[in-house]
Amino acid sequence: QKEVEQNSGPLSVPEGAIASLNCTYSDRGSQSFFWYRQYSGKSPELIMSIYSNGDKEDGRFTAQLNKASQYVSLLIRDSQPSDSATYLCAVTERNTGFQKLVFGTGTRLLVSP
Amino acid sequence: DTEVTQTPKHLVMGMTNKKSLKCEQHMGHRAMYWYKQKAKKPPELMFVYSYEKLSINESVPSRFSPECPNSSLLNLHLHALQPEDSALYLCASSLSYNSPLHFGNGTRLTVT
């Protein structure tokens, strides 16, 4: 059973702070890792993708991957109230051809003004 | 604005009805997906089409019937659904293996 685990939260941070979201996965053969943001009642929106160990930065977002520890994280700098949403970690299963994503249960982020 | 378009946005149907959900993308993506999402749960994969052929069926009940008429279109035909099938149905597409999925806005389905 492939698993992706996230703390459900809510994670509460003040405006302007750094929000740190974490995710662990069980399939050591996973190759692709994604963070999606989902506002209540809306569909998931891709925030970041990362495929190799290390950091990947895009604006206020930084994804970090450590395959040895089977750990992927998302840092949001200068958090804004508009960042308040559920953040879903998604990991591909090994050897499944086209994307068979396994999603974590999501971490709810609340950014207070 | 999403580049994957789903219609309708909302659908209410009785357990004896037949209805269809539609999904369209014009990004040249060769894989299309149906996901189901219940409230406060992560999306769950239902079907994957690769180059217009069904590649993955996650043991979905036969009351859900997918169809991929061409590389841009994906349908989900619904028949004799149960109230527990009420959920947000998400269509997604990806360019190729290892490419990220892009989701449509979803269809909110209520079965009465």
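Taking springs between alpha-carbon atoms closer than 10 angstrom, which of B:92, B:39, B:31 fluctuates most in the Gaussian network model of chain B? Of B:92, B:39, B:31, the Gaussian network model singles out B:39 as fluctuating most. Which of the aspartates and glutamates could be linked to residue B:53 by a straight reach, that is with a Cα gap under 14 Å, when you skip same-chain ones fewer than 8 residues away? Straight-distance partners of residue B:53: B:67.
Beyond 31 Å in Cα-Cα separation lie the following of the pairs A:2/A:42; B:18/B:41; B:9/B:41; A:42/B:18; A:100/B:22; A:56/B:9: A:56/B:9.
Convex hull of alpha carbon positions in chain A: directionally averaged projected area 6.8 nm². What separates the Cα centres of region A:24-39 and region B:77-92 is a distance of 25 Å. Using only alpha carbon pairs under 8 Å that are at least six residues apart, calculate the relative contact order of chain A and give it in whole percent. After rounding, I find 38 percent. Peptide A:72-85 has a mean shielding of 0, counted as Cβ atoms of other protein chains within 10 Å of each residue's Cβ.
Convex hull over the alpha-carbon atoms of region B:51-98: what's its volume per residue in Å³? It would help to have the intermediate numbers written out before the result.
Working: hull volume 4.9 nm³, N = 48.
Normalising the Cα hull of region B:51-98 by residue number yields 102 Å³.
Among the cysteines of the protein assembly as shown, B:68 have no other cysteine beta carbon within less than 4.7 Å of their own. As a calculated quantity, the FRET efficiency between residue A:17 and residue B:27 at R0 = 35 Å, using C-beta atoms, amounts to about 0.45.
Per residue, how big is the convex hull around the C-alpha atoms of the protein assembly as shown? Give it to me in cubic angstrom, could you?
Convex hull of Cα atoms, per residue: 120 Å³.
What number does chain B give for Rg over Rh if you use C-alpha atoms and the Kirkwood radius?
Details: Rg = 13.1 Å, Rh = 13.9 Å.
On the Cα set of chain B, Rg over Rh gives 0.94.
On full extension, the segment bounded by residue B:52 and residue B:40 gains 1.2 nm, given 0.36 nm per residue less the C-alpha separation.
Across the residues of B:7-19, average count of Cβ atoms on other protein chains within 10 Å?
Numbers: counts 0, 0, 0, 0, 0, 0, 0, 0, 0, 0, 0, 0, 0.
Neighbouring Cβ atoms belonging to other protein chains average 0 per residue here.
Rounded to the nearest 20 debye, the dipole size of the protein assembly as shown about its Cα centre is 460 debye, using +1 on the Cβ of Lys and Arg and -1 on the Cβ of Asp and Glu.
Readers should treat all values here as calculations from the given coordinates under stated rules, not as data from a laboratory. All of these numbers come straight from a predicted model, not from anything done at the bench. Reconstructed Cβ throughout: ideal geometry from the backbone, glycine too, with neighbour counts over all protein chains shown.
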